[in-house]
1. Would a scan of the stretch 32-45 turn up a residue that is in contact (Cβ under 8 Å) with a residue 40 or more places away in the chain, assigned to a helix (DSSP H, G or I) and not hydroxyl-bearing (S, T, Y)?
2. Taking the condition within 13 Å of the chain's Cα centre (by Cα), outside any helix (DSSP H, G or I) and surrounded by 13 or more Cβ atoms within 10 Å (Cβ to Cβ), does V26 pass?
Amino acid sequence: MKDHMRIRDLKEEGFSIAAIARKCGVSRNTVYNYLEMDWDEALDWVETLKTRTRKLDSYKDYIL
C-alpha cells in the first residue's frame, strides 16, 4: 500500500510514468496498474497476494 500511495503522490507532483517507475523500482506497466486502481481495489489486490498459490508451493517441503 505504501507503493500505491507513493506512486500516486509522484504522479500528482508531475513526474512522468518512466520517472516514477525508476524512482520506485517497478515497471511502467505496474505504475499504470497502480494509477488505474482506487484505494479499495488496491487493498483487495494486496489481500489476494497473501492467499495466492505459487508455482513452487507444491515443492515447498522438498526445498526446505
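Nothing in this text is a laboratory measurement; each read-out follows from the coordinates by a stated rule. All values reported here derive from a predicted model rather than from experimental measurement. Cβ: placed from backbone, ideal geometry, glycine included. Neighbour counts: every protein chain shown.
1. Looking for residues that are in contact (Cβ under 8 Å) with a residue 40 or more places away in the chain, assigned to a helix (DSSP H, G or I) and not hydroxyl-bearing (S, T, Y), one finds at least one in the stretch 32-45, hence yes.
2. Details: within 13 Å of the chain's Cα centre (by Cα): yes; outside any helix (DSSP H, G or I): yes; surrounded by 13 or more Cβ atoms within 10 Å (Cβ to Cβ): yes.
Answer is yes for this residue.
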